[in-house]
Amino acid sequence: MGEESVIRNVVCPFCGCCCDDIELTVSKNSIISAKNACALSQAKFGSAREERVLRPKERVNGKFSETDYERAVRRSAKILAEAKYPLLWGWSCTSCEAQRVGVELAEEVGGVLDNTTSTCHGPGLLAVHDVGESTCTLGEVRHRADLIIYWGCNPVHAHPRHMRRYTVQSEGRFRKGREERKMIVVDVRNTEAAKMADEFIQIEPNGDYEALTAIRTCLKGEELEQEVIAGLPSTRFEKLADELIDCEFGVMFFGLGLTMSKGKSRNVDAALSLVRDLNSKTKFLAMPMRGHFNVTGANEVFAWQTGYPFAIDFSQGYPRYNPGDTSGVDIASRGDCDAALVVASDPISNFPLEAAKGLASVPIITIDPHETPTTNASDVVLPSAMVGIEAGGTAYRMDGVPLTLRKIIEPPEGVLQDTEILSAILREVKNLNGGR
Amino acid sequence: MDPANGIECEVKDIAMRGGKIVEEVSSSAKVIDASEMLVMPGGVDIHSHIAGSKTNAARMLRPEDHVTDFERKTALTRSGVGHSIPSTFTTGYRYARMGYTTVIEPATPPLMARHTHEELNDTPVIDKACFPLFGNNWHVMEYLAKGDVEGCAAYVAWMLRSTKGYAIKIVNPGGVEAWHWGGNIRGLDWEVPHFDITPREIIRGLCRVNKMLKLPHAIHVHPNNLGKPGNYSNTIKTMDCVRDIAEDGRAAIHIAHCQFTSFKGEDWSTLRSGAEEIADYVNKNRHVTIDMGQIIFTATTTMTADGPFEYILHQLQGRKWYNADVEAETGAGIVPVVYKRKNFVNATQWAIGLELALLVRDPWRIFMTTDHPNGGPFTAYPRVISWLMSKRAREGAMKRMNQNAIKKANLPSLNREYSFAEIATVTRAATARALGLKDKGHLGEGADADVAIYRVNPKEVDPSNDYRAVRKAMRRAAYVIKEGEMVVKDGEIAKVIEGKTFWVNASVPGDMEVKLQKELLKKFQDYYTIQAENYVIAEDYLARSAPIEQGVAKQ
């Protein structure tokens, strides 16, 4: 009996793949089914109403009590306006439109604006500052790549449709399918992706830098002096170097295996330098496997408005950037911030313990659709609509392609969008600051 | 100074109402006393890389570019950073302070056009437009290889509407597609790998499309072989390749940042200026316009859709290199650069840009640019103006340069000095006309009320001698009016308004459109990794949409 409608070409708001061919069947303001959606996507669309925060709440005498947006906004604005060094964290799971308000808010309160790049691909960005990057959009991989490397990442788990839509199992103009491509996985453990590979190179943990440098050495025509590198016979890397040179169009995707193991930004430096070096022999590109559906967007918005992609300190009245000094994790670990606004993120869960403790010791305002350990540690919680499901906006795919997220269903009764909540807080902060 | 209306250095009243210049206003109107000041239409910059995916990639690549050049938040303005890749708010403010009121972002990858518009939306005060890239586009190459100019026109019209673009931009035609395999194209008649077409055919085909659609601006071309010694001959061939299809009285082709493609010589050590040959061709052929692409001696950033060129530059200099190939369409490359006075090549490049401007006789067909930021930041425009207006300024500059280069250049023997009227022409009147922006670049009735007032008296100041005064005055305008609002006073932002984004609502007759949609839908999914529906940018995406209706004459 229920009237069903089918909405096509929906952009999925989960991972950096931002698949835009999702077909949703909607009935009575509820998503009944999702076609073309991977398990992660199905879970997000299907569980949209679970564990939601439905009303704003604030901590009074140590306990939560329900309130309304007006009071919650006023209290949030007061906390932020009075703080000397507030941290505005998160941003990767909301729209660019919300991120833009966030930049203005951070500037207005003279705080630090940071997104989840700090805990994820930040080291990669630091490497790009040093050596640059040779990259492309995902369609280029689909059309041309005959060699695909997944280094330190597991797309089967984190980006389930990556291989079918864009890489190894996809069909492109110049490569008809799996049989015309070679897949190499480099990892410290035998993952599902490794099992699918034509070649799996299991290096020892924290051996990435040496492995990459060994390949670069071979590329430059030098001999490897060591017999064992990263736990493998060095001849393994001589062979790999030859394979890389022999391909027509190679792409290296990399993940936290590089950014968060020993060496961090130096690992990515080595990877990007290798890819750059390969361009003197063949065509080769690299791409980070961005996790959240709009962390790339957060980098983009922050960069065009402030000049910097994350870890931006406005305390001097202008944007300053010095990751390690101005990044959220470090600020929280040192206990430097005296208040925090968290938007669409769960740092209490994801931060290293010291940073989470530092965060939990200051007043936290959280804007989020769901109950999380961060909302539980907050002083003010403002429920928000889920971007890409209950609110529209712009998001950037992992390769920088911008897409429009849609509002498919109405949010729970009375729940506002991030843009509305943030704008209200910004207005109130401006009132308190008296137009300084 | 209103050269478009034949007004040169006359004292006049300018009346404004409702954002437009009108015949007269009532006595209760606000009065600005611009006595003894230089009054021009607001500046119109025809080529400046200020917004979009590669501009932002450059910002992210180069935090060191902005560390020391920042602007604090004020009651009126947002904070930001500057130098060669300013953040968006700073871009708008800095252009406005110089008296510029319209700026074109000249190279937009259509797949990422949404990004360009987001950044343009965040660029305050100035009006803007963007040029989508077509010269390596798969659909375009296939249509033209078949000789289907009509089909191509329908596609280009759809693209302009869908990406909210203003003109047809062509960068290294065929070369960027070749670069997607690691190669390049070095001549107009080279074959593009896997596509049955040559750069000559791409340029001619798109020129025909441009005519068919009656687009307001000519095809805007960055020729093959940019940055290569000896490339001047290819540039002339490029200009010439559409001569037979040019219409009378209209430019058929615009060559962007011509300095970079006016190199004579076989290699870097024998590099010479080819400006004389280029200027000679431009002087004799009215179907061509060019812009300078002047270099400034500073640290800056090169960024272009010409991916293979940037790779070569990286290999030459060893500086960090960013590259981003865009599926089925185009690419981008970014490399930081430092232009040095004592460097033979850089000094020669500096001379080339100015020689072009001094040797091309018609100021309506040569425009002043630095191809920001490739030649230098746009904030250096007043310096370029001083070089154009004063031989003394040029001589002073040349004294400090590589003398080997200066000896071999034509520039020392060129005595021409631009007048204020000519400056007004090459920085606003001519660019507005070339763009087909009828209400810009002049101060006649009906024009947009965009006025720049500089604190220098053209009746008293001799720019040839007192070029420093001119330079100073044009850095920070006394008053800038945009759409009848005073946005700059005494060189500071007085009011922040949102500028318009111009785009061409190009159209073709119904039957052509139907044919296109059928063909497009079939191919789109094969070519792109996003859906056609998600490729199209809705009009309300633009903060202030200003469409210009244009198209094929209905049968």
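Any read-out appearing in this document is the output of simple, stated calculations on the displayed coordinates, not a laboratory observation. Keep in mind the model is a prediction, meaning the values are calculated, not measured. Ideal geometry is used to build each Cβ from the backbone, glycine not excepted, and the neighbour counts take in all protein chains shown.
Computed over Cα pairs, the Kirkwood radius of the protein assembly as shown leads via Stokes-Einstein (1.002 mPa s, 20 °C) to a diffusion coefficient of 73 µm² per second.
Counted by Cβ distance under 14 Å from B:Ser87, the other residues give a net charge of -1, where Lys and Arg count +1 and Asp and Glu count -1. Across the cross-link table entries B:Lys459/B:Lys495; A:Lys84/B:Lys54; B:Lys12/B:Lys399, which are compared at the Cα atoms, the separations over 32 Å belong to A:Lys84/B:Lys54; B:Lys12/B:Lys399.
Here the relative contact order of chain B, from alpha carbon pairs under 8 Å that lie six or more residues apart, stands at 22 percent. The distance between label points at B:Ala15 and A:Glu410 comes to 5.4 nm (points 7 Å beyond Cα on the Cα→Cβ vector).
Partner shielding of B:70-77 amounts to 4, given as the average count of beta-carbon atoms from other chains within 10 Å of each residue beta-carbon. Each other residue within a Cβ distance under 14 Å of B:Ala357 adds +1 if Lys or Arg and -1 if Asp or Glu, for a net charge of -1.
Shape analysis of chain A based on the Cα gyration tensor places the equivalent ellipsoid semi-axes at 40, 27, 17 Å, largest first.
Multiplying the sequence separation of B:Glu485 and B:Arg186 by 0.36 nm and subtracting their Cα-Cα distance, what value in nm do you get? Working shown, then result.
Values: separation 299, 0.36 × 299 = 107.64 nm, distance 4.90 nm.
So the chain would gain 102.7 nm between B:Glu485 and B:Arg186.
Computed from phi, the 3J(HN,Hα) profile of the stretch B:368-373 under the Karplus parametrisation 6.51, -1.76, 1.60 (θ = phi - 60°) reads 8, 8, 10, 6, 2, x Hz, with x in place of Gly and Pro. Counting only Cβ charges, +1 for Lys and Arg and -1 for Asp and Glu, the dipole size of the stretch A:101-188 around its Cα centre is about 940 debye. Sorted from greatest to least, the principal axis extents spanned by the alpha carbons of the stretch B:422-470 come out as 35, 19, 13 Å.
Evaluate the relative contact order of chain A (contact order divided by residue number), counting alpha-carbon pairs under 8 angstrom at least 6 apart; express in whole percent. Reported as a whole number, the value is 24 percent.
Within the same chain, aspartates and glutamates fewer than 8 places from A:Lys262 are excluded, and of the rest, those with a Cα less than 17 Å from its Cα are A:Asp187, A:Glu204, A:Asp208, A:Glu210. Using a simple spin-label model with pseudo-atoms 7 Å out from Cα toward Cβ, A:Asp338 and A:Leu54 lie 3.8 nm apart.
Straight-line reach from A:Lys176: taking Cα to Cα under 27 Å and skipping same-chain neighbours fewer than 8 places apart, the lysines in range are A:Lys35, A:Lys195, A:Lys239, A:Lys281, A:Lys283, B:Lys146, B:Lys518, B:Lys522, B:Lys523.
Return a whole-number percent for the relative contact order of the stretch A:122-288, with Cα pairs under 8 Å and 6 or more residues apart as the contact set.
Values: 313 pairs, mean separation 53.3, N = 167.
So the answer I get is 32 percent.
Taken along the Cα-to-beta-carbon direction at a fixed 7 Å, the label points for B:Gln525 and B:Asp69 span 4.8 nm.
Given +1 on the Cβ of Lys and Arg, -1 on the Cβ of Asp and Glu, and no further charges, what dipole in debye does the protein assembly as shown carry about its Cα centre, rounded to the nearest 20? Using only the charged Cβ atoms, the result is roughly 1720 debye.
Helical runs assigned H by DSSP (4 residues or longer) give chain A a calculated mean residue ellipticity at 222 nm of -10000 deg cm²/dmol, each run adding -39500 (n - 2.57) before division by the residue total. Taking each of A:Lys44/B:Lys128; B:Lys20/B:Lys164; B:Lys264/B:Lys440 in turn, the alpha-carbon distance tops 31 angstrom for A:Lys44/B:Lys128; B:Lys264/B:Lys440.
A Förster radius of 30 Å combined with the Cβ-Cβ distance from B:Glu247 to B:Lys515 puts the calculated FRET efficiency at roughly 0.70.
Listing A:Glu4, B:Glu177, A:Glu199 from the residue with the fewest other Cβ atoms within 10 Å to the one with the most, what is the order? Write down the numbers at each step before the final one.
Numbers: A:Glu4 10, B:Glu177 28, A:Glu199 15.
Arranged by neighbour count, lowest to highest, A:Glu4, B:Glu177, A:Glu199 become A:Glu4, A:Glu199, B:Glu177.
Label point of B:His194 set 7 angstrom out along Cα-Cβ; within the stretch A:138-178, amide nitrogens under 17 Å from it belong to A:138-148, A:166-178.
The calculated pair-distance distribution of the stretch A:122-288 uses every alpha carbon pair, bins of 5 angstrom beginning at 0, and gives 2, 9, 19, 23, 23, 16, 6, 2, 0 percent.
How many angstrom lie between the C-alpha centres of the stretch B:417-494 and the stretch B:215-229? Their Cα centres are 27 Å away from one another. Enumerate the aspartates and glutamates that A:Lys182 could reach by cross-link, defined here as Cα to Cα under 13 Å, with residues fewer than 8 away along the same chain left out. Within the straight-line cut-off, A:Lys182 pairs with A:Asp146, A:Asp198, A:Glu199, A:Glu243, A:Asp246, A:Glu248.
Summing Lys, Arg as +1 and Asp, Glu as -1, what charge do residues with Cβ under 12 Å from the Cβ of A:Gly122 carry, A:Gly122 excluded? List each step's numbers first, then the result.
Values: positive: A:Lys264, A:Arg290; negative: A:Asp114, A:Asp330.
Residues near A:Gly122 contribute 0 overall.
Return the inverse of the average 1/r over all pairs of distinct C-alpha atoms in chain B, which is the Kirkwood hydrodynamic radius, in Å to one decimal.
Details: mean 1/r = 0.0427 Å⁻¹.
After inverting the mean inverse Cα-Cα distance, the result is 23.4 Å.
When the alpha-carbon atoms of the stretch B:451-530 are used, the pair Rg, Dmax equals 24.5, 66 angstrom.
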